[in-house]
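Trainee: Got a structure here, written out as structure tokens. Questions coming.
None of the figures in this text is laboratory data; all of them are computed from the coordinates on show. The model shown is predicted, which means the values in this text are computed figures rather than measured ones. With ideal geometry, Cβ positions are generated from the backbone for all residues, glycine too; neighbour counts draw on all protein chains shown.
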């Protein structure tokens, strides 16, 4: 077994540890190790450095999140982009090393650093940090198409920035993120984000952060901004639905599924749109099948009397080469 295979196997074993910890009550003041700390422990145990694993070209956070097989990693070279962009916003420095995705979905790990050796205690309100060693604070953010840099927004009011971005919004979109508790005596933080829309920009994407919040209150005001040109590509399938009654489309990629059905009489049978995922079945070439409701990790949708929209991210990357068809309610979508 190669080092890469050992690493991926060990990461899967870590999941069992998390499950066991979740089932057992924690002792008072006992803290669980974060996934990234577990990842570092595994690397040390196996004698693998981050640079040694660079042959597969995936950021540690992506490996921990998706837990891909070595075969899948090798298949998805075009989905991974080494961005390596840094934006100095004076009070904060933003950095994106790598993204993974395709023409309509992007995952990124945003690194945030303080300049001049300061710690978070130096810049966050004392009434928020006093008596604490860690704190959950997170960016309020949005994505735009086009290239914008810090000098474009420096000194502008929020209304002026909104005017600047006018006409640069993506169409209907979905976003999400995972925030970790930040060590207040450190000077860095990282945020794992995902974003999807009908089609990402063909020139550039700009991530704009007006402020960072804690418990829905602003504790660090921007503006903060970073921009890069996306180069992620990947296979996507689009199936048109039209049976003279219902019409719409189904889109499937390695990262998410999008369904839009109009004049769909069965829509009102679902109390919540997420229940529709039980009636979407992924059938694999080896004869197995899986409900999409068991595969997703966030998303959304809407439902009306005869209309249903369902947009969900997959928890693990779907290897499209292994899929034979997708059953969406009464509609069969064959991947050829």
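Trainee: Cα atoms only: what Rg and Dmax, in Å, come out for region 136-183?
Mentor: In order Rg, Dmax, the Cα atoms of region 136-183 give 13.5, 38 Å.
Trainee: Continuing with this model, one more query. Take the Cβ-Cβ distance between residue 284 and residue 243 as r, set R0 to 30 Å, and report the resulting FRET efficiency rounded to the nearest 0.05.
Mentor: 0.70
Trainee: Suppose a student asked you for the relative contact order of region 254-305, using Cα pairs under 8 Å spaced at least 6 residues apart; what percent would you report?
Mentor: 37
Trainee: What ranking do 121, 61 get, fewest neighbouring Cβ atoms within 10 angstrom at the top?
Mentor: Neighbour counts put them in this order, fewest first: 121, 61.
Trainee: Mind checking the full-extension length gain between residue 229 and residue 216? Use 0.36 nm per residue of separation minus the Cα-Cα distance, one decimal, nm.
Mentor: Taking 0.36 nm per residue and subtracting the Cα distance, the gain is 1.6 nm.
Trainee: Roughly what would the spin-label model give for residue 132 and residue 179, points 7 Å off Cα along C-beta, in nm?
Mentor: 1.0
Trainee: Computed FRET efficiency, Cβ-Cβ of residue 116 and residue 86, R0 22 Å: what is it to the nearest 0.05?
Mentor: 0.90
Trainee: Once Rh for region 72-228 is found with the Kirkwood sum over Cα pairs, what is the Stokes-Einstein diffusion coefficient at 10 °C and 1.306 mPa s, in µm²/s?
Mentor: 96
Trainee: What order, most packed first, do the peptides 145-154, 165-174 have when packing is the mean number of other Cβ atoms within 10 Å of each residue?
Mentor: Top to bottom by mean Cβ count within 10 Å: 145-154, 165-174.
Trainee: Which order, highest average first, do 125-136, 106-117 follow once you tally other Cβ atoms within 10 Å for each residue and take the mean per peptide?
Mentor: 106-117, 125-136
Trainee: Can you give the extra length, in nm with one decimal, that the chain gains between residue 265 and residue 321 once fully stretched, where that is 0.36 nm per residue apart less the Cα-Cα distance?
Mentor: Gain on extension, residue 265 to residue 321, equals 16.9 nm.
Trainee: Arrange the peptides 253-262, 207-216 so that the one whose residues have, on average, the most other Cβ atoms within 10 Å appears first.
Mentor: Taking the mean over residues of other Cβ atoms within 10 Å, the ranking is 253-262, 207-216.
Trainee: Between residue 199 and residue 57, 0.36 nm times their residue separation minus their Cα-Cα distance comes to what?
Mentor: Value of the extension gain: 48.7 nm.
Trainee: While we're on this one: Considering only C-alpha atoms, what is the centroid distance from region 55-99 to region 179-249, in Å?
Mentor: 14
Trainee: Specify, per residue and in Å³, the volume enclosed by the convex hull of the alpha carbon atoms belonging to region 236-334.
Mentor: Normalising the Cα hull of region 236-334 by residue number yields 82 Å³.
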